[in-house]
Amino acid sequence: MVSSAVIAVLGTLAGAALSAGVTIHTTRVREANQNQRRQAEYLIEKKVDRLAELHESFTRCRTTLAPIAESGTYAVYDREDEREFDEMVDGYHRSIQRARIFVSDGQYETLLDTLLVFQTVTERAGAERPEEVSTPILDDDRSFRDVMTAADEVLRTELHEPVRSLESE
């Protein structure tokens, strides 16, 4: 018969193997969770960086172009101003494209509406005849301010969402 010492040794070995297996599994799960969290943190950081860049570009365009759009005095700007406006709006367009992956389709459309408004205002800034600026900026009844408010809301919502998700953890 098998002695009790052999049974004790086999029991100890089986217990150690089981314990090692559980430890290895737990370690792998923990590492996978840590990797997943690091990836999520990286993506959140990218999202915040891109959206902050977009918000900065949006604010620069809105601050510069709002007085022009709201006053209707387009023809007082020279070619140098127009070039500066165009570069600023092109920068906003690039920022939208870089942030595209982080916004929904509806939010993207809102940001594109804002781009259209900025482009229209800059085109009108160089108009030489009053009739060139008499048509509405958009095809619907929204004002410059309405479009800016909608875009601002998109950016605020998306910039605050990562912070809220981290706070809830």
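The values are calculated or read from the model by the stated rules, or taken from the named source; none is laboratory data. Predicted, not measured: the structure shown is a model, and the values here were computed from it. So basically every Cβ, Gly included, is an ideal-geometry build from the backbone, and we count neighbours across all protein chains shown.
Just to be sure before I move on: is Ile44 at pLDDT 80 or above, in a helix (DSSP H, G or I) and surrounded by 14 or more Cβ atoms within 10 Å (Cβ to Cβ) in the structure I sent? Considered against the rule, which asks whether it is at pLDDT 80 or above, in a helix (DSSP H, G or I) and surrounded by 14 or more Cβ atoms within 10 Å (Cβ to Cβ), Ile44 comes out as yes. Residue count for segment 1-45 under the criterion of being within 25 Å of Pro162 (Cβ to Cβ) and either touching an Asp or Glu at 6+ places or on another chain (Cβ under 6 Å) or small (Gly, Ala, Ser) (or both): the result is 2.
Under 23 Å from Arg145 (Cβ atoms) and at pLDDT 80 or above: which single residue out of Asp105, Asp81, Asp86 fits that description? Quick ask: steps written out before the conclusion?
Details: Asp105 fails: under 23 Å from Arg145 (Cβ atoms); Asp81 fails: at pLDDT 80 or above.
Exactly one of Asp105, Asp81, Asp86 is under 23 Å from Arg145 (Cβ atoms) and at pLDDT 80 or above, namely Asp86.
The condition of being in contact with a helix residue (DSSP H, G or I) (Cβ under 8 Å, 6 or more places away or on another chain) and modelled with pLDDT under 90 holds for only one of Leu166, Leu112, that being Leu166.
Apart from one condition, Glu41 fits all of (1) among the acidic types (Asp, Glu); (2) within 30 Å of Asp86 (Cα to Cα); (3) out of contact with any helix residue (DSSP H, G or I) (no Cβ under 8 Å at 6 or more places or on another chain); the exception is (2). Of the residues making up segment 12-26, just one is modelled with pLDDT of 80 or more and of a type in the set (A, V, I, L, M), namely Ile24. Restricting attention to segment 26-49, the residues that are in contact with a Leu (Cβ under 9 Å, 6 or more places away or on another chain) and among the basic types (Lys, Arg) add up to 1. Beta carbons closer than 6 Å, at least 6 apart along the sequence or on distinct chains, pair a first residue in segment 82-93 that is among the charged types (D, E, K, R) with a second that is assigned to a helix (DSSP H, G or I) for Glu82/Ala125; Asp86/Thr122.
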